[in-house]
Amino acid sequence: MIRNKEGSVQETIQRLHAQGGRMTVQRRKILDVLAAMQGHPTAEELYEAVRQQMPGLHLSTVYRTLRWLEQEGKVSARRFEEDARQERFDVSHPKEHHHFQCTQCKKVIEFDSPFIDPVKNHFANQFSAQVASISLMLYGICSDCSQNHII
Ligand SMILES: [Zn+2]
Ligand SMILES: [Zn+2]
């Protein structure tokens, strides 16, 4: 995850309180765990992670909470090409970042790189265009999967 997620979770909670939104203990835990997870977990992966701390939790509660947080603009859902039927979730953060998806285990890794700006500039010069944003999507085999492959 890229910077400042903790900060944005704090802001979300404060804003929801200010608006009288109901940030229950359960919802807060789900948001906290999502913020602490790497990449973009599926609802099921998030459920597995939260359940370790809240054994009575239901998957349907995780789904409902994610929808609610999404409506609040605090969680974003997106589908990646390698498993397009599967929604993956992340705490909304305005900072531009990029993604790698493992074609084997479907895991998503977020990254940023100092080499992105040169790509933007190169394109802008070549096509005399103004680039407003950039989102790179890389595909391949993650290190876990490539290690398993060798064995
Ligand atoms: Zn993998
Ligand atoms: Zn992301």
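Values in this text are rule-based calculations from the coordinates and carry no lab data. If you're wondering where the values come from, they're calculated on a predicted model, not measured in any experiment. In this analysis, Cβ positions are derived from the backbone assuming ideal geometry, glycine residues included, and neighbour counts consider all displayed protein chains.
Here are a few things to note about the model shown:
- Any hit, the stretch 107-123, residues being within 16 Å of ligand 2 (Cβ to nearest atom) and more than 15 Å from the chain's Cα centre (by Cα): yes
- Leading residue by the ranking (nearest to D83 (Cα to Cα)) among those in the stretch 134-149 that are within 16 Å of ligand 2 (Cβ to nearest atom) and touching a helix residue (DSSP H, G or I) at 6+ places or on another chain (Cβ under 9 Å): Y139
- Considering the conditions (1) loosely packed, with under 12 Cβ neighbours inside 10 Å; (2) within 18 Å of A35 (Cα to Cα); (3) more than 16 Å from ligand 2 (Cβ to nearest atom), S60 is excluded by exactly one of them, (2).
- Of all residues in the stretch 124-151, those satisfying the criterion of being hydroxyl-bearing (S, T, Y) and either closer than 24 Å to S8 by Cα or away from ligand 1 (no atom under 16 Å from the Cβ) (or both) are S128, S133, S135.
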